[in-house]
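Undergrad: Mind having a look at this structure? Questions to follow.
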Amino acid sequence: MKTKLLLLFVLLGLGGIAQNEIKHQTEQLDLINKGEYIAYFTKQNGSSEYEGGLDKLIYKLTKLQDYRIQPGAHKEVYMVFAGSADHPERHKETMFLPDNEAFPITYVQKVFEGNKDMQDEIGFAPRINRLTDGNRLVFLEGKIYAIKDWKDKDNYKLVSVLEHQTKKMGGLKKMKEVMRSPKKMKAMQPHETLQKYLDNAFEKQQTVYDQWMKKPQNAAIVENTESIRKLTIDAINKQRADWRNSDEYRRIKERNQSFAQSDLENRVTIRNNSGKDIYIYAEGSSNGSRVSISGNGTFSCKKNQYYSFNGNSSAANATKIASANQSCGQTITVN
């Protein structure tokens, strides 16, 4: 009996130690390297087997800097996230911020409210945006778990696991990595690993945050951030109302409408009711513009326009639908 009780106390003690060792996300960032990452897909089939595969888009952790609302406590994470491999000149940094002032368990895709002048004058507040707040990162043991559609710790979609690249992976090596990726994900068990962390970290977050908020200086941080957010939004709304009520705004709107009307008068609208995608070719052209089923498009009325159901055709092999200088401002339907 004494042996069983001793074993029970040992197990309880180990459980307590494990709880204390749970790290929040800013602490986990200590194990995260800057540079390029490979994204392993985590999709599973109906039998819960990993299908594998690598994302062809670019993932690169570019910068870590102090969280401007709590310098020294947390970080701002900047990444090229899902950038085009063919157009590196279009890469833009996406910012991720901690989801909790005391004990973050995810980092959320965010921007700060207001422009630079507002931020410099009154401070920083993360924008609440339902379209991007579901995009989150979780840092675990040197890997980055990419999440979409986050609602809470039990309702989210794990899209991929990102691993740091120490060397650029060539084409042949990538092909081999794709082949071994299902086995790699099976061994890693990313869904179970992530959920276990979120369950434990969320429980600790509640306790830590409650204690953290009991200190007046901490409660003041939360209150001040909310005040900055409200003031910034109110200032933007007032500014918007002021210029919308101005005479210059009304003149610009009238001119824009006049320009738009003039443009329509020099174009023909083609509506597709054929039940198939169609392709519109201008006189002498072999480059067709697709108009999808039940869609419409506008085209120059200064040239003859032709349609075809073949996207690899040309005006010479298509059917005439609009005559030059005779269809301006009209809507023509392909049935």
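Undergrad: Scan the stretch 129-169 for residues that are open to solvent by less than 40 Å² (accessible area, probe 1.4 Å), in a loop (DSSP other than H, G, I, E, B) and more than 23 Å from Q205 (Cα to Cα) and report the count.
TA: 2
Undergrad: While we're looking at this one, here's another question. Which is under 21 Å from A220 (Cβ atoms) and aromatic (F, W, Y), of F96, F103?
TA: F103
Undergrad: Also, I was wondering about something else. Which of the residues that make up the stretch 281-291 are under 35 Å from the mean Cα position of the chain (by Cα) and either open to solvent by less than 50 Å² (accessible area, probe 1.4 Å) or touching a residue at least 24 places away in the same chain (Cβ under 8 Å) (or both)?
TA: G288, V291, listed by residue number.
Undergrad: Yes or no: the stretch 220-235 includes at least one residue that is more than 30 Å from P71 (Cβ to Cβ) and touching a helix residue (DSSP H, G or I) at 6+ places or on another chain (Cβ under 7 Å).
TA: No, every residue in the stretch 220-235 fails to be more than 30 Å from P71 (Cβ to Cβ) and touching a helix residue (DSSP H, G or I) at 6+ places or on another chain (Cβ under 7 Å).
Undergrad: Out of (1) over 21 Å from the mean Cα position of the chain (by Cα); (2) in a loop (DSSP other than H, G, I, E, B), the odd one out for D120 is which?
TA: (2)
Undergrad: For the stretch 80-112, which residues satisfy the criterion of being of a type in the set (S, T, Y) and more than 17 Å from K143 (Cα to Cα)?
TA: Within the stretch 80-112, S84, T94 meet the criteria.
Undergrad: Is it the case, given these coordinates, that W212 is farther than 30 Å from S300 by Cβ and open to solvent by 100 Å² or more (accessible area, probe 1.4 Å)?
TA: On the way: farther than 30 Å from S300 by Cβ: yes; open to solvent by 100 Å² or more (accessible area, probe 1.4 Å): no.
Spelling it out, it is not the case that W212 is farther than 30 Å from S300 by Cβ and open to solvent by 100 Å² or more (accessible area, probe 1.4 Å).
Undergrad: Looking at K63, K56, which is the one that is under 21 Å from K143 (Cα atoms), at pLDDT below 95 and not hydrophobic (A, V, I, L, M, F, W, C)?
TA: K56
Undergrad: If I go through the stretch 262-272 residue by residue, how many of them are modelled with pLDDT of 80 or more and exposed (fewer than 12 other Cβ atoms within 10 Å of the Cβ)?
TA: 1
Undergrad: Considering I278, I252, which residue is of a type in the set (A, V, I, L, M), in contact (Cβ under 8 Å) with a residue 24 or more places away in the chain and surrounded by 10 or more Cβ atoms within 10 Å (Cβ to Cβ)?
TA: Only one candidate passes the filter, namely I278.
Undergrad: Of all residues being open to solvent by 10 Å² or more (accessible area, probe 1.4 Å) and among the aromatic types (F, W, Y) in the stretch 38-81, which is farthest from K157 (Cα to Cα)? Just the residue, please. Step through it out loud before you land on a result.
TA: To start, the set of residues in the stretch 38-81 that are open to solvent by 10 Å² or more (accessible area, probe 1.4 Å) comprises 38, 41, 43-60, 62-73, 75, 78, 80-81.
Restricting the remaining residues to those that are among the aromatic types (F, W, Y) gives 41, 50, 59, 67, 78, 81.
Numbers: F41: 12, Y50: 14, Y59: 18, Y67: 26, Y78: 21, F81: 17 Å.
Result: Y67.
Undergrad: Looking at the stretch 304-327 only, could you name the residues that are in a loop (DSSP other than H, G, I, E, B), out of contact with any helix residue (DSSP H, G or I) (no Cβ under 9 Å at 6 or more places or on another chain) and open to solvent by 70 Å² or more (accessible area, probe 1.4 Å)?
TA: We begin by selecting, within the stretch 304-327, every residue in a loop (DSSP other than H, G, I, E, B); these are 304, 309-314, 318, 323-327.
With the extra rule that they be out of contact with any helix residue (DSSP H, G or I) (no Cβ under 9 Å at 6 or more places or on another chain), the set shrinks to 309, 311-314, 318, 323-327.
Result: F309, N312, N325, Q326.
Undergrad: Does the stretch 219-228 contain any residue that is under 22 Å from N155 (Cα atoms) and open to solvent by less than 100 Å² (accessible area, probe 1.4 Å)?
TA: Within the stretch 219-228, none of the residues are under 22 Å from N155 (Cα atoms) and open to solvent by less than 100 Å² (accessible area, probe 1.4 Å).
The values are calculated or read from the model by the stated rules, or taken from the named source; none is laboratory data. Keep in mind that this is a model prediction, so the values were computed, not measured. As a convention, Cβ positions derive from the backbone with ideal geometry for all residues, glycine included, and neighbour counts pool all protein chains shown. Note: accessible area is taken over every heavy atom of the protein model, side chains too, but ligands, DNA and RNA are not part of it. Shrake-Rupley method; radii C 1.70, N 1.55, O 1.52, S 1.80 Å.
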